[in-house]
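The structure appears below as structure tokens.
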Amino acid sequence: MMNAAGVACMTVEELEGVKNSAAGTFVTKTATLEFRQGNPEPRYQDVPLGSINSMGLPNNGLDYYLDYLLDLQEKEPNRTFFLSLVGMSPEETHTILKKVQESDFRGLTELNLSCPNVPGKPQIAYDFETTDRILSEVFEYFTKPLGIKLPPYFDIVHFDQAAAIFNKYPLKFVNCVNSIGNGLYIEDESVVIRPKNGFGGIGGEYIKPTALANVHAFYQRLNPEIQIIGTGGVLTGRDAFEHILCGASMVQVGTTLHKEGVGAFDRITNELKEIMTEKGYESLEDFRGKLNYID
Ligand code: SIN
């Protein structure tokens, strides 16, 4: 279990908090080449069944996260951490990935193809042609372990088309899912976040069925070398169990981590262990991907 990019990962202090919790690892806030202020506040709001955000990729810039990770891998050589990144253009994405390639970073890189919150920049992974082109260009020079953060897909044909593209590349993982983009949450007669007149990515309880569907759809379609990270609607050990049952190798916690703090990892892990004990499962492999269907 680990944080989802965007939560508890903007600063070294926050990343240390996740690292020193019951989480197995952490992922950084998605880094762009340079520091970004992001969208105007208020830009994140917890709501009863989840959250809505339009952060707009605020972050401290690639070097801030990369320097910390390079230092950390010397101090904790037996642990593996994730660096999330994306450029504000395909060119910038290549510049960033080339810097990571040329560095001594030995962890996992997550290319975020799914941010819904930068005005004028559509979610890259909804454009299959662009996604295919970026991945084909990236794998001409990038030889370190790389995965991609995906938006939710909602159509079986789109699962098929996306999987056909991802299966062409030596991806280490896909992460399903980022927030469901561009929802609206209203209190009284007003939106609750300032950017984009209130439109923002939805997380939390609202999105678990969509997240599970995406995890399972890609588990059914991707080459077994491409592992799945399950993200979306993880409040309890039961939710983590369902993500693993759908095929997830790792589970990320976003909105719940924001609401509850890093103690959530300990609680969810214990709840998951209790479920496994009740069912007589000794390892995750006993139930990973073994979702039952109705004949
Ligand atoms: C944001 O910074 O807007 C959130 C990041 C994301 O959804 O990818």
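Summary of computed values
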item: Accessible surface of the chain [probe 1.4 Å, protein heavy atoms]: carbon and sulfur percent; result: 51 percent
item: Along the chain, longest interval not containing exposed chymotrypsin sites (Phe, Trp or Tyr not before Pro), exposed being DSSP loop plus at most 12 other Cβ atoms within 10 Å; result: 1-140
item: Flagged links, alpha-carbon separation over 24 Å, of K29/K273; K75/K144; K121/K144; K149/K279; result: K29/K273; K121/K144; K149/K279
item: Anisotropy class of the range 1-126 from Cα gyration tensor, a/c 1.5 cut; result: oblate
item: Sequence-separation-based contact order of the chain, relative, with Cα cut under 8 Å and 6+ spacing, percent; result: 19 percent
item: Ellipticity estimate at 222 nm from DSSP helix runs (n ≥ 4, -39,500 (n - 2.57)) divided over the chain, nearest 500; result: -10500 deg cm²/dmol
item: Loop-located GluC sites (Glu not before Pro) in the range 216-295, at most 13 other Cβ atoms within 10 Å (DSSP); result: E225, E282
item: Euclidean distance of C-alpha centroids, the range 274-295 and the range 143-211, integer Å; result: 26 Å
item: Heavy-atom accessible area ranking, 1.4 Å probe, most first, across D295, D160, D239, D104; result: D295, D104, D160, D239
item: Percent antiparallel among DSSP beta bridges (both partners in the range 132-207, rounded to 5); result: 50 percent
item: Candidates T30, T80, T277, ranked by Gaussian network fluctuation over the chain, Cα under 10 Å, top entry; result: T277
item: Taking the range 106-183 and dividing mean pair separation by its residue count, relative contact order in percent (alpha carbons under 8 Å, at least six apart); result: 38 percent
item: Sites E91 and T11, calculated FRET efficiency, Cβ-Cβ separation with R0 30 Å, nearest 0.05; result: 0.60
item: Accessible area in square angstrom per residue, the chain, 1.4 angstrom probe; result: 44 Å²
item: Hz values of 3J(HN,Hα) by residue in the range 187-196 - Karplus curve (6.51, -1.76, 1.60), Gly and Pro given as x; result: 10, 6, 10, 10, 5, 10, 10, 7, x, 6
item: Shape category assigned to the range 200-265 from the gyration tensor of Cα positions, a/c cut at 1.5; result: prolate
item: Under-5 Å amide H pairs with Q227, H placed in peptide plane, nonlocal only; result: F173, V174
item: Karplus-derived 3J(HN,Hα), 6.51/-1.76/1.60, for each residue of the range 7-20, Hz, glycine and proline x; result: 10, 6, 8, 6, 10, 4, 4, 5, 5, 4, x, 5, 4, 8
item: Point-to-point label distance, K99-E34, nm (Cα→Cβ direction, 7 Å offset); result: 1.1 nm
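The values are calculated or read from the model by the stated rules, or taken from the named source; none is laboratory data. A quick note: this is a predicted structure, and the numbers were derived from the prediction, not measured. Using ideal geometry, Cβ is built from the backbone for each residue, glycine included, and neighbour counts are taken over all protein chains shown. Note: accessible area is taken over every heavy atom of the protein model, side chains too, but ligands, DNA and RNA are not part of it. Shrake-Rupley method; radii C 1.70, N 1.55, O 1.52, S 1.80 Å.
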